[in-house]
1. Write out, first by first residue and then by second, each pair whose Cβ atoms fall under 9 Å of each other, whose residues are 6+ apart or on separate chains, and whose first residue, in the stretch 86-106, is at positive phi while the second is open to solvent by less than 70 Å² (accessible area, probe 1.4 Å) and part of a loop (DSSP other than H, G, I, E, B).
2. Of all residues in the stretch 1-23, how many are outside any strand (DSSP E or B), modelled with pLDDT of 95 or more and open to solvent by 20 Å² or more (accessible area, probe 1.4 Å)?
3. Have a look at THR77, THR49 and point out the one that is polar (S, T, N, Q), touching a residue at least 12 places away in the same chain (Cβ under 8 Å) and surrounded by fewer than 17 Cβ atoms within 10 Å (Cβ to Cβ).
4. Can you pull out every residue in the stretch 24-46 that is in contact with a Ser or Thr (Cβ under 7 Å, 6 or more places away or on another chain) and open to solvent by 70 Å² or more (accessible area, probe 1.4 Å)?
5. If I go through the stretch 81-105 residue by residue, how many of them are touching a strand residue (DSSP E or B) at 6+ places or on another chain (Cβ under 6 Å), under 19 Å from ARG6 (Cβ atoms) and either in a strand (DSSP E or B) or open to solvent by 40 Å² or more (accessible area, probe 1.4 Å) (or both)?
6. Right, VAL58: of a type in the set (A, V, I, L, M), closer than 20 Å to ARG6 by Cβ, open to solvent by less than 30 Å² (accessible area, probe 1.4 Å) and touching a residue at least 40 places away in the same chain (Cβ under 8 Å) or not?
Amino acid sequence: MTGAVRQGGCMCGAVRFEARDVPSKCGACHCEMCRRWTGSALIGVTVPTDSITWTGPVKTLQSSDWAERGFCPDCGTGLFFRVTMQGQWFGSTELPVGVFDDPNGFEMTNEIYIDHKPDSFAYEGQSGRRLLTRQDCVEKYGVLEGGGPED
C-alpha cells in the first residue's frame, strides 16, 4: 500500500483530506499527550506534509515547543500531529488511522513510550514490532530532550 492515495475526514464532515504516498505501516504512541488528545493511544501513519490536501476549516494547537496538532473546530476530531521544528521529522505529518475513510490495510510496526502504555492495552501480533520506551525515544530522537513532553 506504499504510495497509496487515501481520503478521510472529521466526524462531522466539515474537514476532508486526500493524502498521497500513504505507507502501509503505522505505529502507536502511548505518551500522556497523545493519550489525552485521542482518549487512547495515537495510532497513526506518517506521510509527507506536502502530500496532503485539506478542504474545510482546520485549526491547530502548538502542543509543545516542537510540534502542533490539528483538529476540526466544529466537532473537535483530532486530524494530525506534525513536527514544526526543523530537523529529522520536519516535513512529515502523522495522520490517525481512524480518520481515514477506510482504516484497513495498515500493519502496526512500532510502539513508542511503551513504558507509559496502560496495562489494559494489548495489540495483536506484537512479535517483531519495535518497542521503544520514553528514554529510548529521547536517545533516538533528541528533539524530545529538554522541550518535549515529560510523559
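1. Listed by first residue and then by second, the contacts come to GLY87/TRP66; GLY87/TYR141; GLY105/SER24.
2. Final tally of qualifying residues: 5.
3. Unique residue meeting the criteria: THR49.
4. Hit for the stretch 24-46 is LYS25, nothing else.
5. 9
6. No: the conditions fail for VAL58.
The values are calculated or read from the model by the stated rules, or taken from the named source; none is laboratory data. In this text, all values refer to a predicted model and were calculated from it rather than measured experimentally. Cβ atoms come from the backbone with ideal geometry, glycine included; neighbour counts cover every protein chain shown. Surface accessibility is based on the protein's heavy atoms, side chains included, excluding ligands, DNA and RNA. Shrake-Rupley method; radii C 1.70, N 1.55, O 1.52, S 1.80 Å.
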